[in-house]
Amino acid sequence: MDSLKNSSEILAALADHKYVADDELATALFLMLRLGKPLLLEGPPGVGKTEIALVMSELLQAPLIRLQCYEGLDVNAAVYEWNYQKQLLGIKLQEGSGLSVAEKEKHIFGPDYLLKRPLLQSIMHETKSPVLLIDELDRSDEEFEAFLLELLSAFQISIPEIGTIRATHRPYIILTSNRTRELSDALKRRCLYHWIDYPSLEKEMAIVQKRLPHIDAQLLTQVVDFVQDIRQKKLLKTPGISETIDWAESLLALGYRNVHQQAIQRTLGSLLKSVDDIRLVTDETASVRDH
(Lines give C-alpha, C1' and ligand atoms only; values in the text may rest on other atoms or scores of the structure.)
Protein backbone atom coordinates (compact mmCIF):
# COMPACT_ATOMS: atom_id res chain seq x y z
CA MET A 1 0.00 0.00 0.00
CA ASP A 2 2.91 2.38 0.69
CA SER A 3 3.63 2.56 -3.04
CA LEU A 4 0.01 3.53 -3.84
CA LYS A 5 0.03 7.04 -2.40
CA ASN A 6 -2.72 8.57 -4.54
CA SER A 7 -5.34 7.72 -7.14
CA SER A 8 -2.97 8.53 -10.02
CA GLU A 9 -0.52 5.89 -8.84
CA ILE A 10 -3.35 3.38 -8.52
CA LEU A 11 -4.50 4.23 -12.05
CA ALA A 12 -0.99 3.64 -13.40
CA ALA A 13 -0.56 0.44 -11.40
CA LEU A 14 -3.86 -0.94 -12.72
CA ALA A 15 -2.74 -0.18 -16.27
CA ASP A 16 0.53 -2.03 -15.63
CA HIS A 17 -1.60 -5.05 -14.69
CA LYS A 18 -3.62 -4.72 -17.93
CA TYR A 19 -6.68 -3.23 -16.24
CA VAL A 20 -7.98 -0.07 -17.90
CA ALA A 21 -9.73 2.11 -15.33
CA ASP A 22 -10.84 5.73 -15.03
CA ASP A 23 -10.08 8.40 -12.43
CA GLU A 24 -13.34 7.79 -10.55
CA LEU A 25 -12.65 4.09 -10.00
CA ALA A 26 -9.03 4.75 -9.05
CA THR A 27 -10.24 7.32 -6.51
CA ALA A 28 -12.75 4.86 -5.04
CA LEU A 29 -9.98 2.27 -4.63
CA PHE A 30 -7.66 4.83 -3.07
CA LEU A 31 -10.34 5.80 -0.53
CA MET A 32 -10.96 2.11 0.21
CA LEU A 33 -7.28 1.76 1.10
CA ARG A 34 -6.90 5.07 2.92
CA LEU A 35 -10.15 5.04 4.90
CA GLY A 36 -10.26 1.30 5.48
CA LYS A 37 -13.87 1.08 4.31
CA PRO A 38 -15.45 -1.67 2.20
CA LEU A 39 -16.07 -0.83 -1.45
CA LEU A 40 -19.31 -1.85 -3.17
CA LEU A 41 -19.01 -2.16 -6.97
CA GLU A 42 -22.25 -2.38 -8.93
CA GLY A 43 -22.82 -2.72 -12.64
CA PRO A 44 -23.92 -5.12 -15.37
CA PRO A 45 -22.23 -8.53 -15.65
CA GLY A 46 -18.89 -8.77 -17.40
CA VAL A 47 -17.63 -5.20 -16.95
CA GLY A 48 -14.63 -6.07 -14.74
CA LYS A 49 -15.97 -5.81 -11.18
CA THR A 50 -14.57 -9.13 -9.99
CA GLU A 51 -11.30 -8.50 -11.82
CA ILE A 52 -10.71 -5.43 -9.65
CA ALA A 53 -10.29 -7.60 -6.54
CA LEU A 54 -7.90 -9.95 -8.34
CA VAL A 55 -5.75 -7.06 -9.56
CA MET A 56 -5.77 -5.29 -6.18
CA SER A 57 -4.61 -8.52 -4.55
CA GLU A 58 -1.63 -8.52 -6.92
CA LEU A 59 -0.90 -4.82 -6.42
CA LEU A 60 -0.97 -5.12 -2.63
CA GLN A 61 0.79 -8.50 -2.72
CA ALA A 62 -1.97 -9.66 -0.40
CA PRO A 63 -3.82 -12.99 -0.22
CA LEU A 64 -7.16 -13.05 -2.03
CA ILE A 65 -10.08 -14.63 -0.16
CA ARG A 66 -13.23 -15.04 -2.25
CA LEU A 67 -16.80 -15.69 -1.21
CA GLN A 68 -19.01 -16.51 -4.19
CA CYS A 69 -22.59 -15.69 -3.25
CA TYR A 70 -25.64 -17.73 -4.26
CA GLU A 71 -29.25 -18.16 -3.25
CA GLY A 72 -29.47 -19.96 0.09
CA LEU A 73 -25.95 -18.99 1.22
CA ASP A 74 -25.85 -19.15 5.01
CA VAL A 75 -23.52 -18.65 7.95
CA ASN A 76 -22.23 -22.24 7.79
CA ALA A 77 -20.91 -21.78 4.26
CA ALA A 78 -19.83 -18.14 4.55
CA VAL A 79 -18.61 -17.57 8.11
CA TYR A 80 -17.87 -20.70 10.14
CA GLU A 81 -18.99 -24.21 10.97
CA TRP A 82 -18.15 -26.67 13.72
CA ASN A 83 -16.47 -29.93 12.78
CA TYR A 84 -19.19 -32.14 14.24
CA GLN A 85 -17.46 -35.45 13.50
CA LYS A 86 -14.29 -34.29 15.22
CA GLN A 87 -16.35 -32.97 18.13
CA LEU A 88 -18.04 -36.35 18.56
CA LEU A 89 -14.67 -38.02 18.54
CA GLY A 90 -13.43 -35.49 21.10
CA ILE A 91 -16.41 -36.21 23.36
CA LYS A 92 -15.74 -39.94 23.06
CA LEU A 93 -12.10 -39.49 24.00
CA GLN A 94 -13.07 -37.40 27.03
CA GLU A 95 -15.21 -40.13 28.54
CA GLY A 96 -13.83 -41.02 31.93
CA SER A 97 -11.47 -38.04 31.92
CA GLY A 98 -12.98 -36.54 35.04
CA LEU A 99 -13.48 -33.15 33.37
CA SER A 100 -16.57 -31.14 34.21
CA VAL A 101 -19.27 -30.53 31.60
CA ALA A 102 -18.13 -26.92 31.26
CA GLU A 103 -14.52 -28.00 30.70
CA LYS A 104 -15.59 -30.54 28.09
CA GLU A 105 -17.68 -27.94 26.25
CA LYS A 106 -14.84 -25.44 26.30
CA HIS A 107 -12.56 -28.02 24.77
CA ILE A 108 -14.81 -29.17 21.93
CA PHE A 109 -15.79 -25.60 21.09
CA GLY A 110 -12.17 -24.57 20.79
CA PRO A 111 -10.26 -23.42 17.71
CA ASP A 112 -9.17 -26.97 16.83
CA TYR A 113 -12.79 -27.84 16.03
CA LEU A 114 -13.66 -24.64 14.14
CA LEU A 115 -13.94 -24.76 10.35
CA LYS A 116 -13.16 -21.28 9.05
CA ARG A 117 -15.15 -20.19 6.01
CA PRO A 118 -14.12 -17.18 3.85
CA LEU A 119 -15.46 -14.37 6.07
CA LEU A 120 -13.86 -15.75 9.22
CA GLN A 121 -10.64 -16.54 7.33
CA SER A 122 -10.44 -12.90 6.26
CA ILE A 123 -10.38 -11.50 9.80
CA MET A 124 -8.19 -14.23 11.27
CA HIS A 125 -5.41 -13.94 8.71
CA GLU A 126 -2.21 -13.85 10.73
CA THR A 127 0.40 -12.30 8.44
CA LYS A 128 -1.16 -9.31 6.64
CA SER A 129 -4.43 -7.78 5.49
CA PRO A 130 -6.00 -9.93 2.77
CA VAL A 131 -8.30 -8.77 -0.01
CA LEU A 132 -11.77 -10.15 0.68
CA LEU A 133 -13.99 -10.43 -2.40
CA ILE A 134 -17.69 -10.91 -1.69
CA ASP A 135 -18.79 -11.62 -5.23
CA GLU A 136 -22.29 -11.19 -6.66
CA LEU A 137 -23.87 -10.32 -3.33
CA ASP A 138 -27.21 -9.71 -5.05
CA ARG A 139 -27.48 -13.48 -5.68
CA SER A 140 -27.73 -14.17 -1.95
CA ASP A 141 -30.85 -13.76 0.17
CA GLU A 142 -31.65 -10.52 1.96
CA GLU A 143 -31.25 -12.34 5.27
CA PHE A 144 -27.62 -13.05 4.48
CA GLU A 145 -26.83 -9.35 4.36
CA ALA A 146 -27.51 -9.17 8.11
CA PHE A 147 -24.55 -11.52 8.67
CA LEU A 148 -22.30 -9.01 6.89
CA LEU A 149 -23.18 -5.85 8.79
CA GLU A 150 -20.98 -6.56 11.82
CA LEU A 151 -18.04 -7.44 9.61
CA LEU A 152 -18.44 -4.41 7.35
CA SER A 153 -18.76 -1.91 10.19
CA ALA A 154 -16.54 -3.27 12.97
CA PHE A 155 -14.37 -5.86 11.17
CA GLN A 156 -15.40 -8.48 13.69
CA ILE A 157 -17.55 -11.61 13.84
CA SER A 158 -19.48 -12.92 16.82
CA ILE A 159 -19.60 -16.68 17.41
CA PRO A 160 -21.99 -17.66 20.21
CA GLU A 161 -19.81 -20.48 21.58
CA ILE A 162 -16.61 -18.42 21.56
CA GLY A 163 -17.47 -14.73 21.62
CA THR A 164 -16.40 -11.86 19.39
CA ILE A 165 -13.41 -12.33 17.11
CA ARG A 166 -11.85 -9.09 15.92
CA ALA A 167 -9.72 -8.75 12.82
CA THR A 168 -6.03 -9.39 13.35
CA HIS A 169 -5.36 -7.41 10.18
CA ARG A 170 -8.29 -5.54 8.67
CA PRO A 171 -9.16 -7.02 5.28
CA TYR A 172 -9.64 -4.84 2.22
CA ILE A 173 -13.23 -5.69 1.37
CA ILE A 174 -14.65 -5.48 -2.15
CA LEU A 175 -18.29 -6.41 -2.72
CA THR A 176 -19.79 -6.78 -6.19
CA SER A 177 -23.39 -6.77 -7.37
CA ASN A 178 -25.01 -7.16 -10.79
CA ARG A 179 -28.05 -5.43 -9.30
CA THR A 180 -30.52 -8.24 -9.91
CA ARG A 181 -32.04 -6.98 -6.67
CA GLU A 182 -31.58 -3.86 -4.58
CA LEU A 183 -29.19 -4.22 -1.65
CA SER A 184 -30.23 -2.92 1.75
CA ASP A 185 -29.60 0.65 2.88
CA ALA A 186 -27.94 -0.68 6.03
CA LEU A 187 -25.32 -2.46 3.95
CA LYS A 188 -24.78 0.46 1.57
CA ARG A 189 -24.22 2.87 4.46
CA ARG A 190 -21.23 0.82 5.54
CA CYS A 191 -19.56 0.94 2.12
CA LEU A 192 -18.03 3.27 -0.39
CA TYR A 193 -19.86 2.96 -3.71
CA HIS A 194 -18.91 2.93 -7.37
CA TRP A 195 -20.91 2.06 -10.48
CA ILE A 196 -19.07 0.38 -13.39
CA ASP A 197 -20.95 0.58 -16.68
CA TYR A 198 -20.30 -0.81 -20.15
CA PRO A 199 -17.29 1.05 -21.53
CA SER A 200 -17.24 3.61 -24.30
CA LEU A 201 -15.92 2.52 -27.69
CA GLU A 202 -12.53 4.11 -27.05
CA LYS A 203 -12.20 2.57 -23.59
CA GLU A 204 -13.23 -0.88 -24.79
CA MET A 205 -10.69 -0.71 -27.60
CA ALA A 206 -8.01 0.18 -25.06
CA ILE A 207 -9.06 -2.75 -22.84
CA VAL A 208 -8.97 -5.29 -25.68
CA GLN A 209 -5.64 -3.95 -26.90
CA LYS A 210 -4.18 -4.28 -23.39
CA ARG A 211 -5.24 -7.94 -23.26
CA LEU A 212 -4.41 -8.70 -26.91
CA PRO A 213 -1.49 -6.42 -27.79
CA HIS A 214 -0.85 -8.14 -31.15
CA ILE A 215 -4.37 -7.67 -32.53
CA ASP A 216 -4.52 -5.85 -35.87
CA ALA A 217 -5.92 -2.31 -35.60
CA GLN A 218 -8.56 -2.97 -38.26
CA LEU A 219 -9.82 -6.14 -36.58
CA LEU A 220 -9.80 -4.42 -33.18
CA THR A 221 -11.95 -1.58 -34.50
CA GLN A 222 -14.39 -3.92 -36.23
CA VAL A 223 -14.76 -6.19 -33.18
CA VAL A 224 -15.47 -3.38 -30.76
CA ASP A 225 -17.76 -1.56 -33.23
CA PHE A 226 -19.78 -4.76 -33.66
CA VAL A 227 -20.07 -5.39 -29.92
CA GLN A 228 -21.00 -1.80 -29.17
CA ASP A 229 -23.72 -2.03 -31.83
CA ILE A 230 -25.33 -5.26 -30.61
CA ARG A 231 -25.41 -3.98 -27.01
CA GLN A 232 -28.12 -1.63 -28.25
CA LYS A 233 -30.33 -4.57 -29.22
CA LYS A 234 -32.86 -6.30 -26.98
CA LEU A 235 -30.76 -9.30 -26.03
CA LEU A 236 -31.41 -11.82 -23.29
CA LYS A 237 -27.79 -11.48 -22.15
CA THR A 238 -25.85 -8.42 -23.19
CA PRO A 239 -22.18 -9.28 -23.75
CA GLY A 240 -19.67 -7.77 -21.35
CA ILE A 241 -16.04 -6.86 -21.86
CA SER A 242 -14.91 -10.39 -21.08
CA GLU A 243 -17.02 -11.69 -23.97
CA THR A 244 -15.55 -9.05 -26.28
CA ILE A 245 -12.07 -10.30 -25.44
CA ASP A 246 -13.14 -13.94 -25.85
CA TRP A 247 -14.59 -13.17 -29.28
CA ALA A 248 -11.51 -11.28 -30.42
CA GLU A 249 -9.31 -14.18 -29.27
CA SER A 250 -11.51 -16.65 -31.17
CA LEU A 251 -11.25 -14.63 -34.37
CA LEU A 252 -7.47 -14.43 -33.98
CA ALA A 253 -7.21 -18.16 -33.27
CA LEU A 254 -9.05 -18.92 -36.53
CA GLY A 255 -6.87 -16.53 -38.50
CA TYR A 256 -9.52 -13.93 -39.33
CA ARG A 257 -8.32 -10.41 -40.01
CA ASN A 258 -11.77 -8.96 -40.67
CA VAL A 259 -15.25 -9.31 -39.20
CA HIS A 260 -17.45 -10.72 -41.98
CA GLN A 261 -20.48 -12.97 -42.23
CA GLN A 262 -18.62 -16.29 -42.13
CA ALA A 263 -16.43 -15.16 -39.23
CA ILE A 264 -19.49 -14.05 -37.29
CA GLN A 265 -21.39 -17.29 -37.88
CA ARG A 266 -18.46 -19.46 -36.82
CA THR A 267 -17.52 -17.54 -33.68
CA LEU A 268 -20.66 -15.90 -32.32
CA GLY A 269 -20.87 -18.46 -29.51
CA SER A 270 -17.79 -16.82 -28.01
CA LEU A 271 -19.68 -13.54 -27.74
CA LEU A 272 -23.33 -14.44 -27.14
CA LYS A 273 -24.53 -17.08 -24.68
CA SER A 274 -28.15 -17.54 -25.75
CA VAL A 275 -29.40 -19.35 -28.85
CA ASP A 276 -32.13 -16.72 -29.27
CA ASP A 277 -29.55 -13.92 -29.18
CA ILE A 278 -27.33 -15.77 -31.66
CA ARG A 279 -30.25 -16.27 -34.06
CA LEU A 280 -31.30 -12.63 -33.76
CA VAL A 281 -27.82 -11.27 -34.48
CA THR A 282 -27.11 -13.84 -37.23
CA ASP A 283 -30.38 -13.03 -39.01
CA GLU A 284 -29.76 -9.29 -38.79
CA THR A 285 -26.20 -9.49 -40.07
CA ALA A 286 -27.32 -11.75 -42.92
CA SER A 287 -30.06 -9.24 -43.78
CA VAL A 288 -27.54 -6.40 -43.88
CA ARG A 289 -25.27 -8.45 -46.15
CA ASP A 290 -28.15 -9.26 -48.53
CA HIS A 291 -28.89 -5.60 -48.92
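The values are calculated or read from the model by the stated rules, or taken from the named source; none is laboratory data. Just so it is clear, the model here is predicted, and its values are computed rather than measured. Methodologically, a virtual Cβ is constructed for each residue, glycine included, from the backbone with ideal geometry; neighbour enumeration extends over all protein chains shown.
A few remarks follow.
- Scope region 155-195; condition over 22 Å from the mean Cα position of the chain (by Cα) and acidic (Asp, Glu); matching residues: 161
- Being closer than 18 Å to residue 74 by Cβ, surrounded by fewer than 20 Cβ atoms within 10 Å (Cβ to Cβ) and out of contact with any Cys (no Cβ under 6 Å at 6 or more places or on another chain) holds for only one residue in 186, 154, 146, and it is 146.
- Residue list for region 1-36, filter: more than 13 Å from residue 194 (Cα to Cα) and among the charged types (D, E, K, R): 2, 5, 9, 16, 18, 34
- Tally of residues being at pLDDT 90 or above, more than 17 Å from residue 231 (Cα to Cα) and among the aliphatic types (A, V, I, L, M) across region 260-291: 1
- Summed over region 16-49, the residues that are basic (Lys, Arg) and assigned to a loop (DSSP other than H, G, I, E, B) give a count of 2.
- The listed residue being free of Cβ contacts under 8 Å to residues at least 24 places away in the same chain and polar (S, T, N, Q), out of 180, 221: 221
- Residue within region 232-240 that is among the aliphatic types (A, V, I, L, M) and under 29 Å from residue 49 (Cβ atoms) present: yes
- Hey, residue 97 of a type in the set (Gly, Ala, Ser), modelled with pLDDT of 90 or more and outside any helix (DSSP H, G or I) or not: no
Residue by residue, here is whether (1) crowded, with 17+ Cβ neighbours inside 10 Å; (2) among the hydrophobic types (A, V, I, L, M, F, W, C); (3) over 16 Å from residue 46 (Cα atoms) holds:
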| position | (1), (2), (3) |
| --- | --- |
| 224 | yes, yes, no |
| 231 | no, no, no |
| 236 | no, yes, no |
| 241 | yes, yes, no |
| 248 | yes, yes, no |
| 251 | yes, yes, yes |
| 255 | no, no, yes |
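- Residues in region 118-134 that are surrounded by fewer than 17 Cβ atoms within 10 Å (Cβ to Cβ) and either hydroxyl-bearing (Ser, Thr, Tyr) or within 18 Å of the chain's Cα centre (by Cα) (or both): 127 only.
- Any pair with Cβ under 6 angstrom, 6 or more apart, that starts in region 267-291 at a residue that is of a type in the set (Ser, Thr, Tyr) and ends at one that is modelled with pLDDT of 80 or more: 267/250; 267/251; 270/246; 270/247; 270/250; 274/236; 274/237; 285/264
- Selection count where residues are touching a residue at least 24 places away in the same chain (Cβ under 8 Å) and of a type in the set (S, T, N, Q), scope region 193-218: 1
- In region 2-29, the residues that are surrounded by fewer than 20 Cβ atoms within 10 Å (Cβ to Cβ), closer than 29 Å to residue 145 by Cα and in contact with a helix residue (DSSP H, G or I) (Cβ under 7 Å, 6 or more places away or on another chain): 27
- Extreme residue, farthest from residue 179 (Cα to Cα), among residues of region 133-149 that are in contact with a helix residue (DSSP H, G or I) (Cβ under 9 Å, 6 or more places away or on another chain) and charged (D, E, K, R): 145
- Meeting the requirement of 2 or more residues that are among the aliphatic types (A, V, I, L, M) and not assigned by TED's automatic domain parsing to the domain that holds residue 280, the helices (runs of 4 or more DSSP H) wholly within region 175-260 are 185-189.
- All positions within region 189-204 that are buried (at least 17 other Cβ atoms within 10 Å of the Cβ) and out of contact with any Pro (no Cβ under 9 Å at 6 or more places or on another chain): 194, 199, 204
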